[in-house]
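Undergrad: Below you'll find the structure I mean.
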Amino acid sequence: MRISSGLTPGYPHHHSELGTKAQHSTCIDNIDNEGAMTHRGSKQKNSRGIVNATIEAAVPLEATKQVSSAMVAYLRHHPPTIGVIGASGTGKSSTINAMFKTNLPISHAVACTKEFLNVDLNVTATSASIAGDSLKLCVVDAPGLGEDLARDPDYLDMYQTHLSRCDIVLWVMAARQRAIALDQGYLQLLADHHEKIVFGLNQIDLIDPMNWNCRLNLPSDDQEKIITEIAQDRSAKISATLGRPVEMHPYSAGNLYGLQELFSGMIASCPDGKRAWIFDPIKSFGPFDFIPEGVRGQVLEQIDARTDD
């Protein structure tokens, strides 16, 4: 099934999504093309501009336009594709709704997704050569595994078929679920797709002692310590299953928290040498995109205080 949406991914305008300390620290420093870290506001060497100017001088304008047109045509017909999978009840559809502003059906009682849903999103290219062009991003919402023993064989067959066309696969886990043997077992059956799987740890706002700071949309100090412990535990167990280091990306789809770091981690994990380049035109998340102006100063002060500690 295919669903279309004209909404740009990652830009909820009526809720706050505040990044972690690591997210906000990347706002302070920028990395130029030579890899040098420079503080915002200081004089930066515009190496990107120099490179672009050199290319423009060396390559005829008509040839540049032809290459850009060919790139846009390829991306429209072979869009970057992200699969969202995992066990039933972990918030896969909620994650897609939160990150890409879609309206997939969700339920807290029974599984809603019974088939693979293709969600087509219209996005605007941000890379220099094709900036402003309208492109497509395809997000695939998968049925949850483990819902019913009778359904699992069919679901796993569908997983094998559909994951082959995905450039990146987000495996969603629930932060409060300590028993992950099901995840490990399913991952062993999906070994052909391990290299493109990224792991998200959802529902961190529900971690005990459940004293999330709702005003600033940040975990409490107690929650943050426990979230770190959970992420390290799940990372170690999944790393042992996959035979490679695995990073967990904690977030809350319900609170729109941690989405930028999750999205950035997904894009960065697209396997090199394949179609990683196709995500370059749509890297449009910014660390301050979701911070309301009214509380921005307080949030940054709290982040600085935690960093100093």
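The values are calculated or read from the model by the stated rules, or taken from the named source; none is laboratory data. The shown structure was predicted, so the numbers you read here are calculated from the model rather than taken from an experiment. We place every Cβ from the backbone using ideal geometry, glycine too, and count neighbours over all the protein chains shown. Ligands, DNA and RNA are excluded from the accessible area calculation, which covers all protein heavy atoms including side chains. Shrake-Rupley method; radii C 1.70, N 1.55, O 1.52, S 1.80 Å.
Undergrad: Determine the sum of side-chain charges near Ile207: Lys and Arg each +1, Asp and Glu each -1, restricted to other residues whose C-beta is under 13 angstrom from that of Ile207.
TA: -3
Undergrad: Dipole of region 202-243, Cα-centred, from +1 at each Lys and Arg C-beta and -1 at each Asp and Glu C-beta, to the nearest 20 debye?
TA: In debye, rounded to 20, region 202-243 gives about 160.
Undergrad: Same structure again: If amide H atoms are built 1.01 Å from N in the plane of the peptide, which residues on other chains or at least 5 residues away come under 5 Å of the amide H of Leu170?
TA: Excluding prolines and chain starts, which carry no amide H, the hits are Gly83, Val84, Ile85, Val198.
Undergrad: With the full set of protein chains in place, find how many percent of the accessible area of region 137-186 is carbon and sulfur; take the probe as 1.4 Å.
TA: Carbon and sulfur together cover 52 percent of it.
Undergrad: Apply the Karplus parameterisation 6.51 cos²θ - 1.76 cosθ + 1.60, with θ equal to phi minus 60°, to every residue of region 244-260 and state each ³J(HN,Hα) to the nearest whole Hz, in sequence, with x for glycine and proline.
TA: 8, x, 10, 9, 9, 10, x, 6, 10, 5, x, 9, 6, 10, x, 5, 5
Undergrad: Using the beta-carbon distance between Leu182 and Asp221 and R0 = 35 Å, what value does 1/(1 + (r/R0)^6) give for FRET efficiency, to the nearest 0.05?
TA: So the FRET efficiency works out to roughly 0.65.
Undergrad: Along its principal axes, what span do the Cα atoms of region 110-220 show, with the longest given first and each in whole Å?
TA: The principal-axis extents, from largest down, are 47, 44, 27 Å.
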